[in-house]
Amino acid sequence: NRRKKKDENIVEIPSIPNPFPELCCSPFASVLSASLLPKATSRKKQVIKVYSEDDTSRALEVPSDITARDVCQLLILKNHYVDDHSWTLFEQLTHTGLGRAVEDHELVMEVQSNWVMEEENKLYFRKNYAKYEFFKNPLSFFPDHMISFPSDTNAAVSHSGILQMFLSSSTYPEIHGYLHAKEQGKKSWKKLYFLLRRSGLYFSTKGTSKEPRHLQFFCEFSNSDMYMSLTGKKISGAPTNYGFCFKPNKSGGTRDLKQLCADDEQSRTCWMTAIRLLKYGMQLYQNYMQPYQGRSGCSPLNVTPMRSISENSLVAMDFSGHRSRIIENPTEALSVAVEEGLAWRRRGCLRLNSHGSPIAMSNMGMSIHRSQSWFHHKISREEAQRLILQHGLVDGVFLVRDSQSNPKTFVLSLSHGLKIKHFQIVPLEDDGKLFYTLDDGHTRFTDLIQLVEFYQLNKGVLPCKLKHYCARIAL
């Protein structure tokens with residue numbers, strides 16, 4: 001009786017409803033419902049081919065959703081390069097003579113899906129020092145005569161404020177100026193007054209009028225990519241060498257290109273930078289900030305750029321005493337460098353060859369520069385300009401090459417103020433010794449390596465210091 005009474009009491013207790021019936025064990029159902037399990041997404045892999053400056057190539061098997069930044073990181077690791085955040089993928093359309101730097105966040109497979117099968121288009125892995133330079137030095141990218149602000153902006157806008165306006169969703173500065181536009185279906189070009197606004201690119205049908213009835217829509221950017229002309233006047237017959245164009249993502253051919261041409265490099269750079277900011281907005285800033293996200297004290301648009309590897313290694317040191325010291329005085333640094341160079345040559349002259357006789361090292365100073373990454377043997381002026389342009393028109397991008405007009409001299413090609421300038425390096429003989437000079441013998445160097453190292457520390461007669469060299473890497 002007691003047992004029956006106990007069982008009756010237990011049965012009388014109300015049952016608590018199970019809030020998760022799909023998780024209950026059952027002989028007819030699995031422990032977890034298949035709908036709750038994460039779907040196993042198999043990442044498809046594809047093979048891409050990437051080229052370097054010397055036209056060597058490397059095939060990579062990568063996931064189908066890999067970004068341009070990830071491809072660069074992969075090549076940096078595989079080739080043991082130093083990551084100074086300037087590596088980029090460059091898309092080159094061989095048939096049309098166009099090229100562009102692929103944005104870090106873009107999917108590589110989507111870029112290749114827009115290629116025409118018959119064309120030999122390529123992806124290049126190279127440095128681009130100007131990729132995010134406008135975040136560091138906006139003054140060079142947005143000249144005052146090409147930019148205007150909304151009427152409700154009362155106070156003068158600083159250049160950092162300009163970037164804030166580009167990245168905001170409410171306001172947008174207006175870029176305006178003359179551009180040459182290629183007429184559709186014709187070979188002729190027409191000079192028109194263009195305006196860039198958040199809604200797209202417009203041109204005025206009546207002079208410089210900005211009235212809505214005189215503005216005609218030219219292009220919008222959501223379904224097209226912007227390219228720079230690599231061939232200048234050759235293919236398109238443009239009036240200047242500063243061309244750029246818009247190519248629809250699913251283009252049927254060159255007839256769909258919307259081609260423009262600026263009068264100078266500063267104007268082209270301003271237009272292309274503003275259009276990049278309009279198209280990608282905060283995504284560009286996130287790409288720029290990604291390498292610095294782990295650093296403390298980083299605030300928006302107030303990031304101290306990390307010094308490049310070349311600058312970190314360019315500190316003049318004196319190891320002659322018990323303790324090493326940094327040589328602050330450029331004159332002292334130069335004299336120490338010259339003394340070390342002469343001492344190295346004196347030691348080299350005492351080396352013995354395989355027959356036991358001293359090796360003559362007098363001619364070595366004339367060819368020691370050939371092993372340096374910044375030296376380019378027998379390239380033309382046009383090719384030197386093309387190489388510097390590909391690496392980005394940032395102050396201090398340089399290379400040294402043989403002079404084609406005078407076989408005994410060399411030329412230093414340097415980027416400054418969005419222009420490429422060329423300086424002749426002249427050999428000078430004094431008291432039986434050979435020197436090299438840029439300033440008619442006032443500053444002399446025993447070889448080109450000393451000359452380059454000096455101007456990396458001091459600008460001297462140059463408009464700026466040598467910062468980034470153009471090198472032809474191999475994959």
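The values are calculated or read from the model by the stated rules, or taken from the named source; none is laboratory data. Keep in mind that this is a model prediction, so the values were computed, not measured. In this analysis, Cβ positions are derived from the backbone assuming ideal geometry, glycine residues included, and neighbour counts consider all displayed protein chains. Protein only, heavy atoms only, side chains kept; ligands, DNA and RNA dropped before computing areas. Shrake-Rupley method; radii C 1.70, N 1.55, O 1.52, S 1.80 Å.
What to note about this one:
- Taking Lys and Arg as +1 and Asp and Glu as -1, the other residues whose beta-carbon sits under 12 Å from that of residue 166 total +2.
- Under the convention that each Lys and Arg Cβ holds +1 and each Asp and Glu Cβ holds -1, the size of the dipole of region 371-469 around its Cα centre is about 380 debye.
- Neighbours of residue 73 by Cβ distance under 11 Å: Lys/Arg scored +1, Asp/Glu scored -1, total -1.
- For residue 225, distant residues with modelled amide H under 5 Å away: 247, 249
- Placing +1 on the Cβ of every Lys and Arg and -1 on the Cβ of every Asp and Glu, with nothing else charged, gives region 45-127 a dipole about its Cα centre of roughly 200 debye.
- Gain upon complete extension [residue 47, residue 178; 0.36 nm per residue less C-alpha separation]: 42.8 nm
- FRET efficiency, 1/(1 + (r/R0)^6) with R0 56 Å, evaluated for residue 424 and residue 113 via beta carbons: 0.75
- Bridge type composition, region 371-469 - antiparallel percent by DSSP, nearest 5: 80 percent
- Convex hull of region 434-475 built on C-alpha atoms - directionally averaged projected area, nm²: 3.8 nm²
- The residue among 189, 149, 277 whose Cα reaches farthest toward the positive pole of the charge dipole of region 133-292, with charges on the beta-carbon of Lys, Arg, Asp and Glu, is 189.
- Separation of alpha-carbon centers, region 378-452 and region 197-215, rounded to whole Å: 45 Å
- Projecting label points 7 angstrom from Cα along Cα→Cβ for residue 136 and residue 282 puts them 2.5 nm apart.
- Per residue, in Å², the accessible surface of region 45-127 once ligands and nucleic acids are set aside, probe 1.4 Å: 46 Å²
- Formal net charge of residues neighbouring residue 401 (Cβ-Cβ distance under 10 Å; K, R +1; D, E -1): 0
- Of the residues 441, 452, 470, the one whose Cα sits farthest towards the positive end of the charge dipole of region 412-472 is 470 (charges of +1 on Lys and Arg Cβ, -1 on Asp and Glu Cβ, taken about the Cα centre).
- Scaling the Cα radius of gyration of region 45-127 by the globular reference 2.2 N^0.38 Å produces a ratio of 1.03.
- Applying the Karplus relation 6.51 cos²θ - 1.76 cosθ + 1.60 with θ = phi - 60° to region 235-241 yields 3J(HN,Hα) values of 7, 8, x, 5, x, 9, 8 Hz, where x marks Gly and Pro.
- Fraction of accessible area attributable to carbon and sulfur, region 133-292 (%, probe 1.4 Å): 49 percent
- Label zone at residue 216 (point 7 Å along Cα-to-Cβ), backbone N below 16 Å, region 167-190: 179-190
- For region 371-469, alpha-carbon Rg over 2.2 N^0.38 Å: 1.03
- Relative to the Cα centre, the charge distribution of region 110-244, modelled as +1 at Lys and Arg Cβ and -1 at Asp and Glu Cβ, gives a dipole magnitude of about 480 debye.
- Segment residue 329-residue 433, extension gain: residue separation times 0.36 nm, minus the distance between their alpha carbons: 34.8 nm
- Counting protein heavy atoms only, region 399-475 has 48 percent of its accessible area on carbon and sulfur, 1.4 angstrom probe.
- Full-extension gain in nm, residue 402 to residue 74, via 0.36 nm per residue minus C-alpha separation: 114.6 nm
- Ranking 255, 197 from most to least accessible surface, computed with a 1.4 Å probe over the protein chains only, gives 255, 197.
- Per residue, the accessible area of region 133-292 comes to 49 Å² when a 1.4 Å probe rolls over the protein heavy atoms.
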